[in-house]
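Here the structure is laid out as structure tokens; the discussion comes afterwards.
Quick note: the coordinates plus some simple rules give every number you see, no bench work behind them. Remember, predicted model here, so these are calculated numbers, not experimental data. So basically every Cβ, Gly included, is an ideal-geometry build from the backbone, and we count neighbours across all protein chains shown.
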Amino acid sequence: MHKITMLGTGLIGMFYTMTLHANRGRDRVAMVYSRSEERAKAFAAEWNVPRYSTDLAEAINDPETTVVVIGLPNHLHEEAVRLSVQAGKAVLCTKPLGRTAAEAKRMLDMIEEAGLFGGYLEDLAYTPKTLKAVQSVRNGALGKVLWARSRETHPGPHSDWFWDKEQSGGGAIIDLGCHCIEISRNFIGKEVRPVEVMCWADTQVHPIDAEDSAVGLVRYANGAIGQFEVSWTFRGGMDLRDEVSGTEGTIWLNHWLRTGFEMFTAEGEKGYVAEKAESDTGWLFPVGDEVGSLGYTAMFTDMLDSLDQGKQPMESFYDGYIVNAIMDAAYRSASSKQWETVVLDDWRGSDEAGGGAVLTDYDDEHYLIKEERMPDGSKKLILKHKTTGAMSQIAA
Ligand SMILES: NC(=O)c1ccc[n+]([C@@H]2O[C@H](COP(=O)([O-])OP(=O)(O)OC[C@H]3O[C@@H](n4cnc5c(N)ncnc54)[C@H](O)[C@@H]3O)[C@@H](O)[C@H]2O)c1
């Protein structure tokens, strides 16, 4: 059982506390921090938290808590990690870890030099569908993963600070791209080095300094491509979809707008439907178990079990740092309009390169390119001559 200091009483502080206190869980939030006394007091009363504070250091140094959960705006993550490390506590930090790789690396170093536990709260790597899909990929069901596409788009975030580049570190890439990049890394393999990024980013709608839309390609050393698509301009709710293509199979995941629960109401739901839902009338896509579906339940189970067992969680501060380094390259590419190298001062995976064509022998002289069943039921084979390279086809 852990007693936890929760930093932040906004959307994520609420989701995290709801998850930790659900299902008669033993882990409890024992102290909560908010800037406003009124909000801290109301949150503590609502979630049965015994103590609250409007002083960040006091909340972190609470004598009873051993774990700090950071649910504050992005520009406050580093300071919260520093104070938590000084207090000698385990730290679980929400996404993105930093606004830049340099910031994330400082946080990683602080945790590791102090020998403390650092969990990266990347919930979308832990959704029940994602965990099952990643396991299928690891079992070899898809062969070699070639392309992992991940999309998160919605009409834009719910608080002022997200829209201020200084506090957030960027726009849709830093806010949503971090999820998509880490989802793709889980499918492609975290040991595979992300090499370079090509990214388009623009401000299509909102009058802000940051990008409200972006599409990026992350090229991995084994030839795989991770594609992220992010936007704060999408209308119709929150679109969370992933696609994984391998040499032997395909996975399509839809996490939010088509989950198998579709409802029409002319009268109106008269309340909250699901995160970022734009309407409560007409066709709705409610979500039954929101914290479970978004991965929060499995995420905290892994984090606190790993802490108990003295091992690294599935998503660590190191992963957060790699994601920030990929996003840094994406921002450089969006401005240079060139492929930009992912700069990693600390790479712990493999440097093996790979990729390229897979050669399947048909006979001594030919490679098999493809088998095709035609509309009349006949089957043909497309072949390539091994020395001349000439393409041919024969009936099978
Ligand atoms: N799926 C996810 O993992 C997910 C979802 C939403 C947000 N987040 C992350 O959680 C963090 C917080 O986001 P949120 O959605 O809860 O935001 P929010 O605006 O709903 O809440 C932010 C909290 O921080 C407090 N705060 C704001 N500015 C502050 C300041 N200058 N000093 C001290 N406290 C301040 C607010 O009062 C509030 O308690 C961000 O890093 C965000 O990226 C993660």
message: Taking 22 Å as the cut-off for C-alpha to C-alpha distance, list the pairs among 144/190; 95/165; 105/144; 190/276; 105/190; 3/89 that go past it.
response: 105/144; 190/276
query: Which values of log₁₀ I(q)/I(0), to two decimal places, follow from the Debye formula for the stretch 3-95 at q = 0.16, 0.17, 0.20, 0.22 Å⁻¹ with a uniform point scatterer at every Cα?
result: -0.53, -0.61, -0.86, -1.06
- request: Please work out the ratio of the alpha-carbon Rg of the stretch 42-181 to 2.2 N^0.38 Å and round it to two decimals.
  value: 1.22
query: What's the percent breakdown of Cα-Cα distances in the chain across 20 Å bins, shortest bin first?
result: 25, 54, 18, 4
field: Over the stretch 3-95, relative contact order from alpha-carbon pairs under 8 Å, at least 6 apart, %
entry: 31 percent
field: Antiparallel bridges, percent of DSSP beta bridges restricted to the chain (to nearest 5)
entry: 65 percent
statement: Under the 7 Å Cα-to-Cβ spin-label approximation, residue 385 and residue 37 lie apart by a distance in nanometres of 8.8 nm
Pairwise centroid distance, computed over Cα atoms, of the stretch 320-337 with the stretch 94-148, Å: 16 Å
message: Quick check on packing: order 32-41, 61-70 by the mean number of other C-beta atoms within 10 Å, highest mean leading.
response: 61-70, 32-41
field: residue 259-residue 243 pseudo-label distance in nm [points 7 Å out on the Cα-to-Cβ vector]
entry: 2.3 nm
query: Order of 306, 336, 84 from fewest to most other C-beta atoms within 10 Å?
result: 336, 306, 84
message: Just to be sure I understand the curve: with the Debye formula and one point per C-alpha of the stretch 181-253, what is log10 I(q)/I(0) at q = 0.21 Å⁻¹?
response: -0.99
- prompt: By a straight-distance test (C-alpha under 16 Å), which lysines pair with residue 384 as possible cross-link partners, with residues fewer than eight away in the same chain excluded?
  reply: 370
query: For the residues 257, 124, 176, 11, what sequence is obtained by ranking on other C-beta atoms within 10 Å, fewest first?
result: 11, 257, 124, 176
field: Net charge of neighbours whose Cβ lies under 14 Å from the Cβ of residue 110, counting Lys and Arg as +1 and Asp and Glu as -1
entry: -3
message: Just want the ordering: 91, 134, from fewest to most Cβ atoms lying within 10 Å of their own Cβ.
response: 134, 91
